[in-house]
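This report refers to the structure that appears directly beneath it.
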Amino acid sequence: MFSLKKLEESLKRSGAGKKLVDQVVSQIRKKIKPGISTSEIYRLAFQSLKSAGKPYASRYSLKRAIMKLGPDGFPFEEYLAALLREHGYIAYTNQIFRGSCLTHEIDVVAEIPSENIHAIIEAKFHSRPGRKTGSKDALYTHARFLDINNAWSQKVKSGAKPKDAKLQNWLVTNTKVTTEVKKYARCIGMTVIGWDYPSGRSLQDLIENKGLYPITVLISLNGFQKKNLLRQDIVLCKDILENKIAKRILDKNFNKIKNEVEILLNEQ
């Protein structure tokens, strides 16, 4: 159900001031008709912010920009690993772990050895608005963790791993998570990071607190350029600035896009 309050909150998070927020809300309120879709409201708000000539539209489009990292989900895994590195983790993608029963390919592994953090992460990616990550994903993530952790514990007992080496179980998604997922995660001790959960440590917070925007937020980039950059594992806007490969891919458009990135990050 559409909520003007939620619209106002999302507009404020884009960095837009009260005057602009009130203006956009007023414009959209006049165009609201029975049955209007969330996508149409988003489009109207995006266009209004874009016309303001500031990076508000890019920030407002953040959630959908992440969904454009798909459709296969692999760029999201690379993006998540890049985020974690910026937050002090050593992060790898597509790692193979042997469990007691099966061999598993792990989306992302994050470590801070000095703090004894060794996390195996299921990166659950959705490419469509409105989707939520539910209990099936949490159950699968935990079942896989149990198999891997059992084998890990055996290595600790045998001396192949340090005695204090413990695995953590994480589920990270670009969408909201259901109440059941939150309840289950608290019960079993699994770390869950969703689009807006937990407060202060959500995916949105991890991105916005350090300005770690994906290249898909950039208005000046066309689809072809985005795909080419992602193929070269260039997923963060800030990585474009001094990257020779990015400069070659963007060619004559490099300075224009660099300028957009600098404005986006400097007005963070």
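Show me the helices of the chain, taken as full DSSP H stretches, that run 15 Å or more along their long axis by Cα and average -1.0 or above in Kyte-Doolittle hydropathy. Before the final figure, lay out the partial values.
On the way: long enough: 18-31 (20 Å, -0.75); 38-50 (18 Å, -0.18); 74-86 (19 Å, 0.21); 135-158 (34 Å, -0.74); 254-266 (17 Å, -0.13).
Span-like helices, by this rule, are 18-31, 38-50, 74-86, 135-158, 254-266.
So what is the relative contact order of the chain, in percent, for Cα pairs below 8 Å that sit 6 or more residues apart?
15
To the nearest 20 debye, what is the magnitude of the charge dipole of the stretch 74-208 about its Cα centre, counting +1 on the Cβ of each Lys and Arg and -1 on the Cβ of each Asp and Glu?
I would put it at about 520 debye.
Between LYS18 and LYS157, what is the FRET efficiency for a Förster distance of 51 Å, r being their Cβ-Cβ separation, to the nearest 0.05?
That pair, LYS18 with LYS157, gives E of 0.25.
Between their Cα atoms, which of LYS124/LYS226; LYS63/LYS210; LYS124/LYS252; LYS19/LYS182; LYS124/LYS155 are more than 26 Å away from each other?
LYS124/LYS252; LYS19/LYS182; LYS124/LYS155
Give, rounded to the nearest 20 debye, the magnitude of the charge dipole that the chain has about its Cα centre when Lys and Arg contribute +1 at Cβ and Asp and Glu contribute -1 at Cβ. Each step should come with its number before you reach the end.
Working: 46 positive and 27 negative charges, 187 e Å.
Using Cβ point charges on Lys, Arg, Asp and Glu, the chain gives about 900 debye.
May I ask you to list the aspartates and glutamates whose Cα is less than 17 Å away from that of LYS54, ignoring any residue fewer than eight positions away on the same chain?
Reachable aspartates and glutamates: ASP22, GLU208, GLU260, GLU262, GLU267.
Using alpha carbons only, how many angstrom separate the centre of the stretch 1-26 from the centre of the stretch 128-199?
Using only Cα atoms to place each centre, the spacing works out to 34 Å.
Exposed loop trypsin sites (Lys or Arg not before Pro) only (DSSP loop, at most 16 other Cβ atoms within 10 Å): please give the longest stretch of the chain free of them, not including the sites.
On the way: sites that count: ARG131, LYS163, LYS166, ARG201, LYS210.
No qualifying site falls inside 1-130, the longest such stretch.
Please give the net charge around LYS50, taking every other residue with its beta carbon less than 14 angstrom from that of LYS50, where Lys and Arg add +1 and Asp and Glu add -1.
+3
Points 7 angstrom from Cα along the Cβ direction at LYS227 and ASN150: gap in nanometres?
4.3
For labels at TYR92 and SER26 in the simple 7 Å Cα→Cβ model, what's the distance in nm?
About 5.7 nm separates the two model spin labels.
Over the stretch 10-115, with a single point scatterer placed on each C-alpha, what log10 of the ratio I(q)/I(0) does the Debye formula yield at q = 0.10 1/Å?
Cα-only, vacuum Debye calculation for the stretch 10-115: -0.49.
Simple spin-label model, 7 Å along Cα-to-Cβ: ARG201 to SER3 in nm?
My value for the distance between the label points is 2.4 nm.
We did not get these values from a lab; they are worked out from the coordinates using the rules stated. None of these values were measured; they are calculated from a predicted model. Ideal geometry is used to build each Cβ from the backbone, glycine not excepted, and the neighbour counts take in all protein chains shown.
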